[in-house]
Ligand SMILES: [Zn+2]
């Protein structure tokens, strides 16, 4: 009986802790989505009492999550409620892009400002452990730029392959030939005994984190569903629906580079023929024997990218399609045929063209997106 009572008490206390965490995180996410809300606004929106909101907001301000800005009092309307914002100065995030032979690490605020960044190369002929050692050194070098009053609360990784989030594993990185790498555990082990020891590490596919970067670090409510397509060495997509990332059963959702666009087309790295990646990705676009791609090659790749986006728009009806990845350096030479293809399909069906834009963070889309992943996961009602 006593045991049962103790269990019930422990369960109730853990339930309360979970409820409190849920409320704290709901407050943070609500202020992120709509900056400038007052305590009263938040209480009304979230269905909490004003005293609960006031107590939680005080804690969140003390801890560095939120800040309040005094409003100018004018005329006879009295003191207006104090607006609350995400504090961009005290709690910081580290994001890392693990590319093919290169790493990019950024230090960002909770609102996505890049405060420091560093890029390094690594030898793709070596195994994942060698890459993780280089990554560890780079993370520590960037983290050293953190000020005395600042604290890094999480590390996010954008990896070039399928990620099984539940098992903390990089399942397969096709361009690196890495299989079933416990990337997160290896990085945590490498960080033991360093200033980043114990920092939570989160990882996800590179296109997925880039999509999160666009939705999380958006100064205004982001388009939703938001579809981001990365075009670089490979081609991949990330989809945010209802504020959540769609990852699929095994973390392979969005592997759109292997959608077949041309029956019996050129051979793809996956062994099939006519995949989007073989028609649009690095080998088709960026490495024409070391030369710049010809105008014809760009026009053709842009056309096929337009076909791919048309198929994805039909499948998901996104509010916005965002294009990112290293191929964006090609600018209008690639984007003009993309837009022309989308326009042709739209006109033929008498429908509006899908909204299309280039990723906000340009070349940093994956690294900043990885930092967004850390912020996103840390602010979920239950720590995923
Ligand atoms: Zn393929």
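Among the candidates 190, 211, the residue that is in a helix (DSSP H, G or I), touching a helix residue (DSSP H, G or I) at 6+ places or on another chain (Cβ under 6 Å) and either surrounded by fewer than 24 Cβ atoms within 10 Å (Cβ to Cβ) or modelled with pLDDT of 95 or more (or both) is uniquely 190. Among the residues making up the range 175-202, those that are within 20 Å of residue 93 (Cβ to Cβ) and without any contact (Cβ under 8 Å) to a residue 12 or more places away in the chain are 197, 198. Looking for something within 17 Å of residue 305 (Cβ to Cβ), within 15 Å of the ligand (Cβ to nearest atom) and either within 12 Å of the chain's Cα centre (by Cα) or in the same structural domain as residue 325 (by TED's automatic domain parsing) (or both) - is there at least one such residue anywhere in the range 237-251? Among the residues of the range 237-251, at least one is within 17 Å of residue 305 (Cβ to Cβ), within 15 Å of the ligand (Cβ to nearest atom) and either within 12 Å of the chain's Cα centre (by Cα) or in the same structural domain as residue 325 (by TED's automatic domain parsing) (or both), which makes the answer yes. Is it the case that the range 309-330 has a residue that's within 16 Å of the ligand (Cβ to nearest atom), without any contact (Cβ under 8 Å) to a residue 24 or more places away in the chain and assigned by TED's automatic domain parsing to the domain that holds residue 262? Within the range 309-330 (the criterion being within 16 Å of the ligand (Cβ to nearest atom), without any contact (Cβ under 8 Å) to a residue 24 or more places away in the chain and assigned by TED's automatic domain parsing to the domain that holds residue 262), the answer is no, since none of the residues qualifies. Look at the range 1-22: where a residue is within 25 Å of residue 49 (Cβ to Cβ) and a partner is loosely packed, with under 10 Cβ neighbours inside 10 Å and modelled with pLDDT under 80, sitting 6+ places away or on another chain with Cβ atoms under 7 Å, you get 18/382. Of all residues in the range 335-362, those that are touching a strand residue (DSSP E or B) at 6+ places or on another chain (Cβ under 8 Å) and part of a helix (DSSP H, G or I) total 5. The number of residues in the range 219-236 that are in contact with a strand residue (DSSP E or B) (Cβ under 9 Å, 6 or more places away or on another chain) and within 16 Å of the ligand (Cβ to nearest atom) comes to 6. Does residue 383 fit the bill of being farther than 25 Å from residue 110 by Cβ and either outside the structural domain of residue 100 (by TED's automatic domain parsing) or modelled with pLDDT under 95 (or both)? Answer is no for this residue. Here the range 252-282 is the region considered, the condition is being at pLDDT below 90 and away from the ligand (no atom under 11 Å from the Cβ), and the residue that is surrounded by the most Cβ atoms within 10 Å (Cβ to Cβ) is 254. Is it the case that the range 196-203 has a residue that's more than 16 Å from the ligand (Cβ to nearest atom) and modelled with pLDDT under 95? Within the range 196-203, one or more residues are more than 16 Å from the ligand (Cβ to nearest atom) and modelled with pLDDT under 95.
The values are calculated or read from the model by the stated rules, or taken from the named source; none is laboratory data. None of these values were measured; they are calculated from a predicted model. Cβ sites come from the backbone with ideal geometry, for glycine too, and all protein chains shown count toward neighbours.
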